[in-house]
Amino acid sequence: MSNPPSKDEQAASPNQGERGELFSQLLIANRHRIYGFVYSLTHNHQGSEDLLQEVSMVLWRKFDQFEEGTDFAAWAMSIARFCTLNWRRKQARLPLSLEDSELMALADEAAGVACGVEDQRDDLVHCLGRLPQRCRQVVWARYQKDSPVKEIASQQRMSIRSIYFLLEKAHGLLLDCIKSRAESRQKSSEGGTL
C-alpha cells in the first residue's frame with residue numbers, strides 16, 4: 001500500500017495539472033506545423049505519423065525545459081529534427097540520399113518555412129472572413145470545391161465575366177489584407193526586440 005502524498009507533492013499537483021493542460025493546448029495548436037515539418041524531412045505519411053507520436057512523447061518528457069512565452073513550434077521542431085534523424089538512421093531499407101549535415105540544413109530551412117506558412121494560413125483564414133459575402137462564395141466555389149468558372153456562373157446566375165471580376169476583386173482584397181497583417185506582425189516583432 002502506498003503512502004499518501006506529502007503536502008509538497010499535493011502543492012505541486014495543481015501546477016503539474018496546469019503544465020499538462022498548457023502542453024496539450026500547445027501541442028494541439030501546433031500539431032499541423034510539426035507534422036508538416038516532419039513530413040518535409042521524411043516524405044512518408046506513415047513514418048511521419050509514427051514520428052509525430054514519438055516527438056510528442058519526447059516533448060512531454062522535456063516540457064519542463066520549455067520556457068513559457070517562447071515559440072513552442074520552434075522548440076518542438078528542434079526536437080523533431082533529431083527524432084527524424086534517428087528515424088532515418090533506423091530505416092536501413094530506405095536509401096539515405098542525404099548526408100546528416102545536408103538533412104540538418106534542410107531541417108533548419110523547413111522549420112523557418114513551417115513557421116511562416118502557419119502565419120500565412122492564419123492570415124488567409126482571417127482575410128477570407130473579411131471578404132464581402134458574394135466574393136467569399138465565389139472564392140469558396142472556385143478554390144475549395146474546385147468548380148469551373150462556367151459552373152459557378154451558372155449556379156450564381158451571373159455571367160462568366162462577372163465571376164472573373166469577383167475573383168479578381170477577391171484576390172486584390174486578400175492580397176491587401178494579408179500584406180497588412182504581415183506588416184503589422186513585422187512591426188510588432190521589431191518593436192518587441194528594441
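Just give me the residues in the range 131-144 being open to solvent by less than 60 Å² (accessible area, probe 1.4 Å) and either part of a helix (DSSP H, G or I) or of a type in the set (Val, Ile, Thr) (or both), in sequence order.
Scanning the range 131-144 gives Cys135, Val138, Val139, Ala141.
Looking only at residues in the range 25-54 that are modelled with pLDDT of 90 or more and over 25 Å from Asp119 (Cβ atoms), the one that is surrounded by the most Cβ atoms within 10 Å (Cβ to Cβ) is Glu54.
Candidates in the range 150-169 are the residues that are open to solvent by less than 100 Å² (accessible area, probe 1.4 Å) and hydrophobic (A, V, I, L, M, F, W, C); of these, the one that is nearest to Arg185 (Cα to Cα) is Leu167.
Which is at pLDDT below 85 and buried (at least 18 other Cβ atoms within 10 Å of the Cβ), of Ala11, Ala111?
Ala111
For the range 55-91, the candidate set comprises residues that are surrounded by 17 or more Cβ atoms within 10 Å (Cβ to Cβ) and of a type in the set (D, E, K, R); within that set, the residue that is farthest from Asp122 (Cα to Cα) is Arg88. Of all the numbered requirements in (1) in a helix (DSSP H, G or I); (2) open to solvent by less than 70 Å² (accessible area, probe 1.4 Å); (3) over 23 Å from Ala29 (Cα atoms), Ser147 misses one, and that requirement is (1).
When the range 150-184 is filtered for residues that are part of a helix (DSSP H, G or I) and among the basic types (Lys, Arg), the ones remaining, listed by number, are Lys150, Arg161, Lys169, Lys179, Arg181. Beta carbons closer than 7 Å, at least 6 apart along the sequence or on distinct chains, pair a first residue in the range 161-182 that is at negative phi with a second that is of a type in the set (S, T, N, Q) and at pLDDT 90 or above for Ile163/Gln156.
The values are calculated or read from the model by the stated rules, or taken from the named source; none is laboratory data. This is a predicted model, so every value here is computed, not measured. So basically every Cβ, Gly included, is an ideal-geometry build from the backbone, and we count neighbours across all protein chains shown. Protein only, heavy atoms only, side chains kept; ligands, DNA and RNA dropped before computing areas. Shrake-Rupley method; radii C 1.70, N 1.55, O 1.52, S 1.80 Å.
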